[in-house]
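Visitor: Take a look at this one; I'll ask things after.
The values are calculated or read from the model by the stated rules, or taken from the named source; none is laboratory data. Remember, it's a predicted structure, so these values are computed and weren't measured experimentally. Reconstructed Cβ throughout: ideal geometry from the backbone, glycine too, with neighbour counts over all protein chains shown. Just the protein is used for accessible areas: all its heavy atoms, side chains included, with ligands, DNA and RNA removed. Shrake-Rupley method; radii C 1.70, N 1.55, O 1.52, S 1.80 Å.
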Amino acid sequence: MSAQPYVITAAMVGAETTREQTPYLPITAEEIAEDAARCREAGAAMVHLHVRTSDGKPSQDAELFRAAIRAIRARCDVLIQTSTGGAVGMTADERCGPLTLTGPDRPDMATLTTGTVNFGDEVFSNPRPLVKEIARRIRALGIRPEIECFDTGMIEQAEWLAKEGLVDLPAHYDFVLGVPGSLGASERALDFMIGSLPPGSSWTVAGVGRHQLPMAELAAGKGGNGRVGLEDNVYVSKGVLAKGNWELVAEAAKRARAKGREIATPQQARELLRLG
Ligand code: KMH
Ligand code: ZN
């Protein structure tokens, strides 16, 4: 049996990357949409979306998301997964800004981090009552979450949420590996996480920094999917800045094809991730 198509997610903006680190970071709706369209051409089936204010500050403002979502959808058919993680220190209401978008502006998917981790020198705080509240709001919007796992216990937390009736299993997971202070980006960690998933789950790996492309390639060989982009990594090779998210997507697609994987279209990704 041949492997399923490989779903590439472009984590385009994030909350932490700055223009000082890379001049290629998209900030405005138009910049995001232009890069998203190029990502789609390069093989991305989905974008993981954060937004910024005009001066580059991270924001979860619904109107900024609406503008970015409209600009992206005017240009291409890439699936849009909005962040509910936002930036460290944001309140629950702030984080849920994009979950207020309905009708044609509704996102296709939203992230749900199911536990707390050290995040560099800060703490990405996700106590259980907050996680339940975000899960409830994602469910109320009628979309599916991507379970963001920065550490292994977060897989079990998703099972607890399923028992609470807030998440449907099997789910789709994203393993974020290599955040300083959290679980490292190693094949051993990845294998443990894959082995801990409930039957029928799908998964993506998002390696941070220099681990990004090697982890995306490893995932291709193991039947999983890859997330790349400027949120987590600004270099396409040692010391060479990616000239946009599209360049990281193109490199991930090349590596996945070399592992024998076909690249998923948004429609195929919709089916593989059970987005309905
Ligand atoms: N910016 C991080 C604190 C998500 O998008 O859901 C959280 C994050 C996760 O990026
Ligand atoms: Zn994010």
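Visitor: Considering Leu230, Leu272, which residue is within 19 Å of Val78 (Cβ to Cβ) and within 16 Å of ligand 1 (Cβ to nearest atom)? Don't jump to the end; show me each part of the working.
Guide: Details: Leu272 fails: within 16 Å of ligand 1 (Cβ to nearest atom).
After applying the criteria, what remains is Leu230.
Visitor: Within segment 152-159, is even one residue of a type in the set (Gly, Ala, Ser), surrounded by fewer than 20 Cβ atoms within 10 Å (Cβ to Cβ), farther than 18 Å from Thr9 by Cβ and in contact with a helix residue (DSSP H, G or I) (Cβ under 7 Å, 6 or more places away or on another chain)?
Guide: First pass over segment 152-159, keeping only residues of a type in the set (Gly, Ala, Ser): 153, 158.
Still in the running and surrounded by fewer than 20 Cβ atoms within 10 Å (Cβ to Cβ): 153.
Applying the additional criterion that residues be farther than 18 Å from Thr9 by Cβ yields 153.
Still in the running and in contact with a helix residue (DSSP H, G or I) (Cβ under 7 Å, 6 or more places away or on another chain): none.
No, segment 152-159 has no match at all.
Visitor: Kindly check whether there is at least one residue in segment 64-85 that is of a type in the set (S, T, N, Q) and surrounded by fewer than 24 Cβ atoms within 10 Å (Cβ to Cβ). Can you show your working first?
Guide: Let us first name the residues in segment 64-85 that are of a type in the set (S, T, N, Q), namely 81-84.
From the residues that got through so far, the ones that are surrounded by fewer than 24 Cβ atoms within 10 Å (Cβ to Cβ) too are none.
Checked against the condition, which is being of a type in the set (S, T, N, Q) and surrounded by fewer than 24 Cβ atoms within 10 Å (Cβ to Cβ), segment 64-85 yields no hits at all.
Visitor: Would you mind telling me which numbered condition in (1) within 16 Å of ligand 2 (Cβ to nearest atom); (2) open to solvent by 50 Å² or more (accessible area, probe 1.4 Å); (3) over 27 Å from Asn118 (Cα atoms) Ala36 fails?
Guide: With (1) within 16 Å of ligand 2 (Cβ to nearest atom); (2) open to solvent by 50 Å² or more (accessible area, probe 1.4 Å); (3) over 27 Å from Asn118 (Cα atoms) applied to Ala36, the lone miss is (2).
Visitor: Follow-up question, since we're still on this one. For segment 162-276, which fully contained strands (runs of 3 or more DSSP E) count at least 2 residues that are open to solvent by 10 Å² or more (accessible area, probe 1.4 Å), in contact with a helix residue (DSSP H, G or I) (Cβ under 8 Å, 6 or more places away or on another chain) and closer than 21 Å to Pro26 by Cβ?
Guide: Numbers: elements: 172-177, 202-207, 225-228, 235-237.
Once the strands (runs of 3 or more DSSP E) in segment 162-276 are filtered for at least 2 residues that are open to solvent by 10 Å² or more (accessible area, probe 1.4 Å), in contact with a helix residue (DSSP H, G or I) (Cβ under 8 Å, 6 or more places away or on another chain) and closer than 21 Å to Pro26 by Cβ, what remains is 235-237.
Visitor: Right, something else. Given the conditions (1) of a type in the set (Val, Ile, Thr); (2) touching a residue at least 12 places away in the same chain (Cβ under 8 Å); (3) away from ligand 2 (no atom under 16 Å from the Cβ), which single one is not true for Thr53?
Guide: (2)
Visitor: On the given criteria, is Asp93 among the acidic types (Asp, Glu) and outside any loop (DSSP other than H, G, I, E, B)? Spell out the reasoning first.
Guide: Details: among the acidic types (Asp, Glu): yes; outside any loop (DSSP other than H, G, I, E, B): yes.
So Asp93 fits the description; yes.
Visitor: Right, next: Taking segment 8-61 as the region of interest, how many residues are part of a loop (DSSP other than H, G, I, E, B) and either within 16 Å of ligand 1 (Cβ to nearest atom) or within 25 Å of Cys96 (Cα to Cα) (or both)? Give the steps one after another, and end with the answer.
Guide: Within segment 8-61, the subset part of a loop (DSSP other than H, G, I, E, B) is 12-28, 43, 50, 53-57, 60-61.
If we keep only those that are either within 16 Å of ligand 1 (Cβ to nearest atom) or within 25 Å of Cys96 (Cα to Cα) (or both) too, we end up with 12-18, 21, 25-28, 50, 53-57, 60-61.
Residues flagged as part of a loop (DSSP other than H, G, I, E, B) and either within 16 Å of ligand 1 (Cβ to nearest atom) or within 25 Å of Cys96 (Cα to Cα) (or both) within segment 8-61 amount to 20.
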